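Heads up: the structure comes next, in structure tokens.
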Amino acid sequence: MGYEKLQEAAQTIAELSGRDRHEAALVLGSGLGDYAASLPDAVAIPYTEIPHFPTPKVEGHSGTLYSIDVEGKGALVFSGRVHFYEGWDLFDVVFGVRSAALAGCHTFLLTNASGGVSRGLSVGDLVALADHINLTGRNPLIGANDDRLGTRFPDVSDAYSGELRHLMKLSFEAADVPYKEGVYTWFTGPSYETPAEIEMVRRIGGDLVGMSTVPEAVALAHMGRRVGAISLVTNLAAGTSDEPVTHEEVQEAAALAKAKFTLLIDSLLPRLVVADS
Ligand code: HPA
């Protein structure tokens, strides 16, 4: 049963980290995994040591879970995530965050790399997600509902917590990063979008496009957890500039944003481990 697998993983996280409980979790997106290297006194747990944990297959994701101390509280940092386009079931895609939730986490910060769609966005911008549009027709909650995780028909109208967006705004200001919000549109990938698809996204109100985050946000909303998400614009979406979109460009833009991203997350983590503000 899925729930028992999640419990086993959560228990192993507690055992290997030496902490009974973690309060918050951070998921590092494409090219942002390096943030983990800057963490002092982190306990590193390779995903391969956690039962049932799927391990990423894409370049730029190393597959290590870090347990860290943030002002006396435990936090988990996921360096490496699995994507639907690798062929995983959505159950596996959301396995890590669900097990972190069972390990105690009430607050999650999901990060990702995205293509910028709306005209005000530039490469290198960090954007807090205000909402999402799921264009894949897939949902991690499809299948029998396990009431221990959440209700059959969860409300997702505050999937990206307004309260956390307020905290993010404070941290953006502290890190001297202009605060922006946007709507993230989920495509499965792995092909990037066509110019016509991007024009559609623009017309239906999407600001960003990407291949992750939405399944995790939905699974966590189902579990009643508080979610914030930050997207790094690594390229202008297809058809928005004359250049083709490449994975190398995505990695490069992420590397360039490293210092800014680190400052922002360093300011944000202490705010996330506090249950309610
Ligand atoms: N499209 C989809 N996913 C992405 C993009 C993009 O342009 N850039 C980074 N991830």
Straight-line reach from LYS258: which lysines fall under 28 Å, measuring Cα to Cα and dropping same-chain residues less than 8 apart?
LYS57, LYS73, LYS169, LYS180
What part of the accessible area of the chain, given as a whole %, is carbon or sulfur when the probe is 1.4 angstrom?
50
With labels modelled as points extended 7 Å from the Cα through the Cβ direction, what inter-label distance (nm, one decimal) is found for ALA144 paired with ARG21?
3.1
Hey, could you pull the Cα Rg and Dmax for segment 83-126, both in Å?
14.7, 40
Cα centroids of segment 51-102 and segment 4-32: how far apart, whole angstrom?
8
Segment 61-201, Cα convex hull volume normalised per residue, Å³:
150
Kirkwood Rh in Å, taken over all unlike Cα pairs in the chain:
18.5
Which residues' amide hydrogens lie under 5 Å from the amide hydrogen of ILE133, considering only partners 5 or more residues apart or on another chain, with H built in the peptide plane?
TYR184, THR185, TRP186
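Regarding segment 1-147, what is the average projected area of its C-alpha convex hull, in nm²? Don't skip to the answer; put the middle values down first.
Working: hull surface 40.1 nm².
Its Cα hull, projected and averaged over all orientations, spans 10.0 nm².
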In whole percent, the Cα-Cα distances of segment 165-206 spread across 10 Å bins from 0 upward as 24, 33, 26, 17
At 222 nm, what helix-only mean residue ellipticity would the chain give, in deg cm²/dmol to the nearest 500, using -39500 (n - 2.57) for each DSSP H run of four or more?
-9000 deg cm²/dmol
Between segment 187-234 and segment 106-135, the alpha-carbon center distance in angstrom
7
Which log10 I(q)/I(0) values, to two decimals, does segment 74-156 give at q = 0.21 Å⁻¹ under the Debye formula with one point per Cα?
-1.36
Multiply the residue separation of LEU170 and ALA196 by 0.36 nm, subtract the distance between their alpha-carbon atoms, and state the gained length in nm to one decimal.
5.7 nm
Length gained when the stretch ILE204-ARG119 is fully extended (0.36 nm per residue, less Cα-Cα span):
29.2 nm
For ASP131, ASP20, what's the largest-to-smallest order of accessible area, 1.4 Å probe?
ASP20, ASP131
With each label point set 7 Å from Cα along the Cα-Cβ vector, what nm distance links LYS57 and GLU181?
3.8
Counting only C-alpha contacts under 8 Å and six or more residues apart, can you give the relative contact order of the chain as a whole percent?
26
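To the nearest 20 Debye, how big is the dipole of the chain about its Cα centre, given +1 on the beta carbon of each Lys and Arg and -1 on that of each Asp and Glu?
Magnitude of the dipole: close to 440 debye.
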P(r) of segment 6-54 over all Cα-Cα pairs, 10 Å bins starting at 0, rounded to whole percent, reads 21, 53, 25, 0
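Could you sort LEU126, LEU170 by their accessible area in this structure, using a 1.4 Å probe and putting the largest first?
Greatest to least solvent exposure: LEU170, LEU126.
How would HIS52, HIS132 rank on accessible area, largest to smallest, probe 1.4 Å?
Largest to smallest exposure gives the sequence HIS52, HIS132.
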With N denoting the number of residues in segment 198-277, provide Rg(C-alpha) divided by 2.2 N^0.38 Å, to two decimal places.
1.36
Residue by residue through segment 25-39, which ³J(HN,Hα) values in whole Hz follow from phi under the Karplus form 6.51 cos²θ - 1.76 cosθ + 1.60 (θ = phi - 60°), with glycine and proline marked x?
9, 10, 10, 8, x, 3, x, 9, x, 4, 3, 4, 5, 8, 8
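Just to be sure I understand: of the beta bridges DSSP finds with both ends in the chain, what percent are antiparallel, rounded to 5?
Around 35 percent of the beta bridges assigned by DSSP in the chain are antiparallel ones.
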Using +1 at the C-beta of Lys and Arg and -1 at the C-beta of Asp and Glu, which of SER38, ALA217, THR48 has the Cα lying farthest in the positive direction of the dipole of segment 2-276?
ALA217
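The values are calculated or read from the model by the stated rules, or taken from the named source; none is laboratory data. In this text, all values refer to a predicted model and were calculated from it rather than measured experimentally. In this analysis, Cβ positions are derived from the backbone assuming ideal geometry, glycine residues included, and neighbour counts consider all displayed protein chains. These accessible areas exclude ligands, DNA and RNA; they are computed on the full protein's heavy atoms, side chains included. Shrake-Rupley method; radii C 1.70, N 1.55, O 1.52, S 1.80 Å.
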